[in-house]
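The values are calculated or read from the model by the stated rules, or taken from the named source; none is laboratory data. What you see is a predicted model; the values in this text were computed from it and never measured. Glycine also receives a Cβ, built like all others from the backbone with ideal geometry; neighbour counts cover every protein chain displayed. Each accessible area value is taken on the protein alone, full model and side chains, heavy atoms only, with ligands, DNA and RNA left out. Shrake-Rupley method; radii C 1.70, N 1.55, O 1.52, S 1.80 Å.
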Amino acid sequence: MNVFADDLDAFGVLVGAFLALVGLGTLVGMPWQYSDGGLVTVFQILGGVSAVVIGVGLAWLVHTQ
């Protein structure tokens, strides 16, 4: 039984999962500890969270189509 419709479906899910893991790695690595400004910290957290959201959304979108 094949879970994916074609090879590009599997590739899209893998790219989405990779992007989500990169976002989580960014948040766990705490890059904001090296910045002095509060605004920079907000953008770094927002970037990590948005990478997770985009990755999960991409994997979900590709797999449900």
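Val56: open to solvent by 40 Å² or more (accessible area, probe 1.4 Å) and in a helix (DSSP H, G or I), yes or no? Judged against the criteria, Val56 is a match. Among the residues of region 30-42, those identified as surrounded by fewer than 14 Cβ atoms within 10 Å (Cβ to Cβ) and not in a loop (DSSP other than H, G, I, E, B) are Gln33, Tyr34, Gly38, Leu39, Val40, Val42. Contact map, region 1-29: first residue open to solvent by less than 50 Å² (accessible area, probe 1.4 Å) and at pLDDT below 90, second residue among the aromatic types (Phe, Trp, Tyr) and outside any helix (DSSP H, G or I), Cβ cut-off under 6 Å, separation 6 or more or different chains; pairs are Ala10/Phe4.
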